[in-house]
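Visitor: Attaching a single structure in C-alpha cells format; questions to follow.
The values are calculated or read from the model by the stated rules, or taken from the named source; none is laboratory data. Given the structure is predicted, the values throughout are model-derived calculations rather than measurements. Positions of Cβ are generated from backbone atoms using ideal geometry, with glycine treated the same way; all protein chains shown enter the neighbour counts. Surface areas here come from the heavy atoms of the whole protein model, side chains and all, with no ligands, DNA or RNA. Shrake-Rupley method; radii C 1.70, N 1.55, O 1.52, S 1.80 Å.
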Amino acid sequence: MRHLPTLPDPGELALPLRDFVRGLRQKTAPSRSRLKPALELLPTPLRDRLEQIARDFSEGEVASMRVRNPGDAVIARAAAGLKGADVASAEMAAATAFGTAVLLKAAGKSDLLISETVAAICWYEARHSPHRAVTYMHALNERELVGTAPGLAHGAIHLGEADHRRIYLALVLWLLADRSISGVAEADLLNISRWLADDVADEVDSCRHQPDRLERLLREHAERI
C-alpha cells in the first residue's frame, strides 16, 4: 500500500506567508504559475485562507477606517520598540490603534472604539520589562483598549474574552514581524497575523504564565509572517 506524502508544517516552508499573499495578488500569469508549486504544498485550509487574505482589504477599504494609518515610519519605530528600541508612547499608541482597527474590521467589529490613551498606558507598563512583547500583550488584554461608547449596550458588537486575546496576540505578532522586506502592505501583514493567531492561540495560552518561553514563542511565530 502506497503512503501519501506528509504535508509540511507551514512554519517550515521556505517562503514567508507574506510572499504567498503577494504572489496571489499578482495579475500576471507568470507570477501565479511560479507560485503554484509552493501553494500546492500547503494544506487546503491554509491555502484557502491565504487566497481570502489576498482578496480582502483593498487600500480604499483601509483608507475609509476611522482610525488613521500613522505611516510606515511610525509603525516601524513601534515595531522596533517591541524588540527593545526606544519609542514614544504616542507612536506606539498610534500604531496599536491602527493595527487594532484593521483586526476589528476583519472580525466584523469595526463599531468598537479604540483608546490610544489606554494603549499608551499599556506601553508605559511594558517598556521597562525584559519581556516587552509579552507584557504589552497582557496589558492590552487586561485593560479596556476597545469598547462601546459610554451609555451604550454591548449588543452584537461585544467582544468575548477569547476574541480579545486573539486580537492582541495578532497585534503583537504583526509588530514583531520583519519589516526589512518592502512591498507588503501593513493590512496584509495584519491579516496574516490574524490567521496565525488563530493557529497558535492554544499554544500561546498554554505558556501565558511563562514569560521567557512565551517571548521566544511569539518571536518564533512572527518569523513565519
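Visitor: Being part of a helix (DSSP H, G or I) and of a type in the set (S, T, N, Q) is the filter here, so list the residues in the stretch 182-225 that pass it.
Guide: Scanning the stretch 182-225 gives Asn191, Ser193, Ser206.
Visitor: Pick out the one residue from Ala73, Ala85, Ala78, Ala120 that is within 17 Å of Arg143 (Cα to Cα) and either open to solvent by 20 Å² or more (accessible area, probe 1.4 Å) or part of a helix (DSSP H, G or I) (or both).
Guide: It is Ala120.
Visitor: Now, a different point. Residues to consider are Asp188, Asp212, Asp178, Asp202; find the one that is over 21 Å from Arg132 (Cβ atoms), modelled with pLDDT of 90 or more and of a type outside the set (Gly, Ala, Ser).
Guide: Selected residue: Asp202, the only one of Asp188, Asp212, Asp178, Asp202 that is over 21 Å from Arg132 (Cβ atoms), modelled with pLDDT of 90 or more and of a type outside the set (Gly, Ala, Ser).
Visitor: May I pose another question? Which residue pairs have Cβ atoms closer than 8 Å, lie 6 or more positions apart in sequence or on different chains, and pair a first residue in the stretch 131-148 that is over 23 Å from Cys207 (Cβ atoms) and open to solvent by 30 Å² or more (accessible area, probe 1.4 Å) with a second residue that is assigned to a helix (DSSP H, G or I) and modelled with pLDDT under 95?
Guide: Taking only residues 6 or more apart or on different chains, the pairs are Glu144/Val118; Thr148/Gly155; Thr148/Ile157.
Visitor: Restricting the stretch 197-221 to residues that are touching a His at 6+ places or on another chain (Cβ under 6 Å) and not charged (D, E, K, R), which is most open to solvent (accessible area, probe 1.4 Å)?
Guide: Selected residue: Pro211.
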